[in-house]
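Engineer: There's a structure below that I have some questions on.
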Amino acid sequence: MSTDLPSRSDYSHMPADSSDGVTFDEATVERLLQLGISRRRFMSYCAGLASLLALPQSMVPRLAQAATSTTLPAVVYMSFQECTGCLESMVNSFAFSGGTTIDNLILNMISLDYQETLMAAAGDQAEERLLSVTAQSGYVLVVDGSIPARWDSGYFISGERSGVARFRDAAKNAALLVAVGTCASFGGLPKADPNPTDALSIGELMADLGISKPLINVSGCPPIPEVITGVILYYLSQGMPTLDSLRRPTVFYGDTVHEDCYRKESFEEGPLARAFDDPNSRKGKCLYMLGCKGPVTHNACSRVRWNQGISFPMMSGHGCIGCAEPDFWDRLNRNNEKGFYIPIAAGSGHSRGLPCDTCHDDNGGDDD
Amino acid sequence: MAATPNVIIDPVTRIEGHLRIQAHAVPDGMGGGTITDPGLSASTMVRGLEKILQGRDPRDAWAFTQRICGVCTVVHGLTSVRAVEHAIGIKVSKNADYIRNMMIGAQYVHDHVMHFYHLHALDWVDVVSAMKANPTRTAALARINNGTYKPNNGALPNAAYFQTVLNKLNNLVSRGQLGLFANGYWGHSAYKLSPEENLLLVSHYLEALAWAREVVKLHSVFGGKDPHPNLVVGGMPCTLSSNTGTINDDKGGTSLNTAGLATIKTAVARMKAFVDQVYLPDVLLVAKRYKEWADFGATAGNFLCYGEFPDPALVKREFTDGAIDYPAGYIIPQGVIWADAPTTLVPFDEKMVTENVAHAWYLGSDTGEHPSVGETELYYDGPLPDQGRNPDGTSKYMLDENARYSWIKSPRYDSQPMEVGPLAHILTMHARGGTANAQPTDKLVRGYVQQFWINPTAQGGLGLTFTQLNSTLGRIFCRVLETKIIADQIAGRAADRTLGTAAYAGWYQLYYNNKAGAYWNPNTFTRLQQPNLWPVQVGFGFTEAPRGALGHWVKLNRVSGLIDNYQCVVASQWNAGPRDLVGAPGPYEEALRGHVLADLKQPLEVLRTIHSFDPCIGCAVHIVDPDGKPLVQVDVNHGVCSTTRVSDMRCAS
Amino acid sequence: MTRLSDIPVQADPGESRGNASPLVTAVLNNVADTLAQFLESRLATVIDLRAMPQMDAATYQSLKNALSVGEVSAKVEADVTVEIRETQYAGVWWVTHRNEQGGIVTELIEITEIPDILKAHAIDMRAGLQRLRQALAEPSPV
């Protein structure tokens, strides 16, 4: 649930909206027919997408329009110091929830004009492609991976150009920048202590280069597939989403994963899982003592879930490692120790639903 | 420098990571030419992960090493977990071994299918030609080639189905937005499939996207998400749910409930079906049209495997480590094959591994010694980027084979460059199949190689020789073959009377029967605080990854319990590494020798061979033991090597 | 599993609202207002249940019970399934969108004569007509 929505006790604003229903315009229906996509199937898809994006259902026709427009919005996707995990994740989202006829975002909803892992062109032909698509204006530039600060370090060179130069040139005519993944959003793994290659996040590099353009950070290692494509579709149909102080869309990053986690009940009331595979862990009790970073991690894992809603880390028995937060690799926990199995320090993130420092050295129980 | 390179691919696309290829072709006067010398393979991105791992909690290392590569995420994580378990002497439960087998196996199937369709197919399939296809004839071809395959919409594909695919392509063209298909080498004379064959393959390219999404659900049930599913030292973090998770019993529990187990079962069945009905017949169809590619792309002919997939039937007790304690039943054996005896499996001896940075951008150990000796630091002295082009259009940025030219080091075994990966897997299985220790899967491999590769065309084979497996086409063939073997291992298979193999229930069923058992060793975290119980000084973990031999070494501090040193030796490093001290080229480089290019400006032929290795460059580049201190000696009980010393077996990192 | 949208659908028309939560009352009031609005202006309304702040299982169930089931139920089957059910109040529809696995993607309360997803579209009808005419023109129409 989005934080934009009224709190539990405030019902003055109901999420109902009036319109002429969700009727598609003729052009949209015509396009769907051409593409061999069932109109009703597509309406259902858009209803789900709107719900996911916390958009009023009256926006469904606009989403549908954006997703079937004859001239598809151009997306240029560039990779720097990354592991391809973000792209793998995005590939898993080509449909909102499985599905076959809307099998490919890449063919039907956006024109993915440059993406090194998937594109047919290579070498000079790929470089020509990059130059020609970035010579136009108005494209969305998606970036994954951090970028080494120094152009002459040799730590990143592609197409005979440094990461800094490649990024600067590609950003020049972009309408929007989307940093996908925690490396691009916050520096991520390459920036983890001691940051051997002077890796920068996209935001930091933009500041260095004096580029001021709209930037959305879609953090996560990797981000949830539907969140990546959801953010792009949101922008295309509605414009800029509301962002938090770290430039993440609040619709996905407004809550902690703890807030929507079904194990939360026992965080408050106990008992807690004490070891992997203990009886409490089989019952789905809270993984706080096993180091779960859910209470201090803003993401939609427990709400949207992963891979078409199959599971999410805590459901599969492992605590959250905090991968959507800046510098999560170096996060200090109880006793100032780093580590994914060290419980978070009591009191940290208190305002986000964590109990005070008298809690959770025992068997749970939220007594603040 | 040798002759100036006139064939340059930078960036090499449709791979993981960042790679530049240079080669010199002797021009034929008609725009084409022949590459007579080895090429040059250079990785141009580095992150420095091993340095980041120093001083960390060893329980966390898997999460760091997973991020070496988001494509190989499961194997890097598990290699790390195995290394730490080895370092502290923790054994894992049967279920953990079953699940690890399934997760690694699912990664093989997922990666190999996606490699063929999404990374490699466009080297063989002309999308523009597909647009000329007749949908009715394509449907007829599908019935012959893919028989019972029902695409993801659940119906047998008819002309209307292929018309829809055509419409999608036409839409791209009509609005002038070719997206990912723009600027391909379309119409290149080396494309040989008929329009209908091209359209069939394009339709499977699209189907495979939807399919891939389904099979990774196995990872997300066990690991909570994919890519980068969660793992844990000491077993698996997932555990059987206390409830069924069905609609009237949905409170609490875990993902391993009735619904989750059904999801896994479905994913397993889909893997097997797609491999049998689509991937295997499609590869054979492509191979039939491109048989001459069995004559290009050979490496020196030396192959290396660490081995993988312990046979769960051998894992008789709880809390053993199947991967190390039961090497005899590995599906992919551990061993070495030398060029002069391609059917003989030689035991692997870790003492013979060295690494070499003579041509890599690191300081130190360029004498080909163990990397534990000497210093290794990032040291870029290559050409500067961003210098533009010379007036004649040639590049100012040129890598020199006599200098340092890559972020990948050159691992060597007994001083020789070794190829790793699917070709090595099939050859080692084939070789073991001729010994007294032949496994049922070895017999199947020998049978399939005979049936599909060697048998004359009249009998439905390709009519190629065993030796020709060492080729671009052979690599593609071996990849699909091992995918079939592994998909059947997970899903189960019927008896094969001709080949004399019994029916096999499959790993999923074996796990399912045992699912109430343990998932995690409760001694794990306390053992980290008991260095007196640690059996070795340096832990060693390996997996045989989809792209080949993968090993991690971890040295823990006996006071703090934190990581003192961490090294990885990775599959693509073996294949993609640069020349060594004596100038011997790496496998990618060697494989380019002899290629005949129709058009030097469109080096499709080079791309075919490089892609046949399935480059994973993010994996290949990482570093290093920056303090360069020698590792302490340690006994490692690992596979066929009874006792080796890590200080000796330390290899490239 | 514990998502509100996955809660079993088990309408019990007999049960009175009794001690319905304030949220249920608020939603029902909202439904009443928009129904009145529809009668006046023909403006359709959609209430997205997933966008409800922290609706727990009991509240969800009591809302479902309160609306109960009416005379019409329909199902769209197009890879995914959409279940459309009129509630006991004519023109108030409970619409459940499910994915291929049967999991709930979203649930809506629509206030309108007929939910749009049920209506056929003129363009689709024209295409259907064309196909039908083609089939009739074949030498041996089925």
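The values are calculated or read from the model by the stated rules, or taken from the named source; none is laboratory data. All values reported here derive from a predicted model rather than from experimental measurement. Cβ atoms come from the backbone with ideal geometry, glycine included; neighbour counts cover every protein chain shown. The area values use the complete protein model at the heavy-atom level, side chains included, leaving out ligands, DNA and RNA. Shrake-Rupley method; radii C 1.70, N 1.55, O 1.52, S 1.80 Å.
Engineer: About the Cα centre of the range A:72-253, what is the dipole size in debye to 20, counting +1 per Lys and Arg Cβ and -1 per Asp and Glu Cβ, all else neutral?
Structural biologist: Dipole about the Cα centre, nearest 20: 420 debye.
Engineer: Starting with the highest mean, order B:39-49, B:111-121, B:263-273 by the number of other Cβ atoms within 10 Å, averaged over the residues of each peptide.
Structural biologist: B:39-49, B:111-121, B:263-273
Engineer: Shifting gears a bit: Once each part is reduced to its C-alpha centroid, what is the distance from the range B:407-423 to the range B:253-315 in angstrom?
Structural biologist: 23 Å
Engineer: Is the shape of chain B rounded, prolate or oblate, going by the alpha carbon gyration tensor and its root eigenvalues a ≥ b ≥ c, with a/c under 1.5 for rounded and a/b larger than b/c for prolate?
Structural biologist: oblate
Engineer: If you don't mind, there's one more thing I want to ask. Order B:E482, A:E127 by their accessible area, 1.4 angstrom probe, all chains in place, largest first.
Structural biologist: A:E127, B:E482
Engineer: If you average the alpha carbon positions of the range B:90-148 and of the range A:55-69, how far apart do those two centres end up, in angstrom?
Structural biologist: Centre-to-centre distance over Cα atoms comes out at 34 Å.
Engineer: Which net charge results when you count Lys and Arg as +1 and Asp and Glu as -1 among the other residues whose beta-carbon is under 11 Å from that of B:G434?
Structural biologist: +2
Engineer: Let me ask something else about it. What relative contact order, as a whole-number percentage, does chain B give when Cα pairs under 8 Å and 6 or more residues apart are counted?
Structural biologist: About 25 percent, as a whole number.
Engineer: Still on this structure, please answer the following. Taking each residue in A:25-34, count the Cβ atoms of any other chain within 10 Å of its Cβ, then average. What number comes out?
Structural biologist: 3
Engineer: Roughly how far apart, in whole Å, are the Cα centres of the range A:166-242 and the range A:270-304?
Structural biologist: Between the Cα centre of the range A:166-242 and that of the range A:270-304, the gap is 29 Å.
Engineer: Another question, then. For the range C:28-142, calculate the relative contact order in percent as a whole number, restricting contacts to Cα pairs under 8 Å that are 6 or more residues apart.
Structural biologist: Over the range C:28-142, the number comes to 23 percent.
Engineer: Tell me, what is the 1.4 Å probe accessible area of A:K213, in Å² to the nearest 10?
Structural biologist: In the full protein context, A:K213 sits at about 60 Å².
Engineer: Follow-up. Take A:R303, C:R42 and sort them by solvent-accessible surface of the protein heavy atoms, 1.4 Å probe, largest at the top.
Structural biologist: If we order A:R303, C:R42 from most to least accessible, we get C:R42, A:R303.
Engineer: Which pairs, out of B:K217/C:K75; B:K272/B:K484; B:K51/B:K225; B:K150/B:K272; A:K264/B:K515; A:K264/A:K338, put more than 18 Å between their alpha-carbon atoms?
Structural biologist: Violating the 18 Å Cα-Cα cut-off are B:K217/C:K75; B:K51/B:K225; A:K264/B:K515; A:K264/A:K338.
Engineer: Let me make sure I get this right: for the range B:228-349, a, b and c are the square roots of the gyration tensor eigenvalues over alpha carbons, sorted descending. Under 1.5 in a/c it's rounded, otherwise prolate if a/b > b/c, else oblate. Which is it?
Structural biologist: Because a/c hits 1.5 or more and a/b fails to exceed b/c, the range B:228-349 counts as oblate.
Engineer: Give the ranking of A:D330, B:D392 by solvent-accessible surface, highest area first, calculated with a 1.4 Å probe.
Structural biologist: Largest accessible area first, the list is B:D392, A:D330.
Engineer: Note down the accessible area of C:K119, probe 1.4 Å, to the nearest 10 Å².
Structural biologist: 90 Å²
Engineer: Let me ask something else about it. Over all residues in A:272-285, what is the mean tally of Cβ atoms on other chains that come within 10 Å of each residue's Cβ?
Structural biologist: That works out to 6 on average.
Engineer: What are the lysines whose alpha-carbon lies under 16 Å from the alpha-carbon of B:K132, with same-chain residues fewer than 8 places away excluded?
Structural biologist: Of all the lysines, those that pass the test against B:K132 - Cα under 16 Å, at least 8 places apart if same chain - are B:K168, B:K192.
Engineer: Using modelled backbone amide H atoms (1.01 Å from N, in-plane), which distant-in-sequence or interchain residues come within less than 5 Å of A:S162's amide H?
Structural biologist: Long-range HN contacts for A:S162: B:D386.
Engineer: Indicate the gyration tensor shape class of the range B:36-191 (rounded, prolate or oblate), computed on the Cα atoms with a ≥ b ≥ c the square roots of the eigenvalues: a/c under 1.5 is rounded; otherwise a/b larger than b/c is prolate and the rest oblate.
Structural biologist: prolate
Engineer: Please calculate the 1.4 Å probe accessible area of B:R432, with all protein chains present, and give it to the nearest 10 Å².
Structural biologist: About 10 Å², rounded to the nearest 10.
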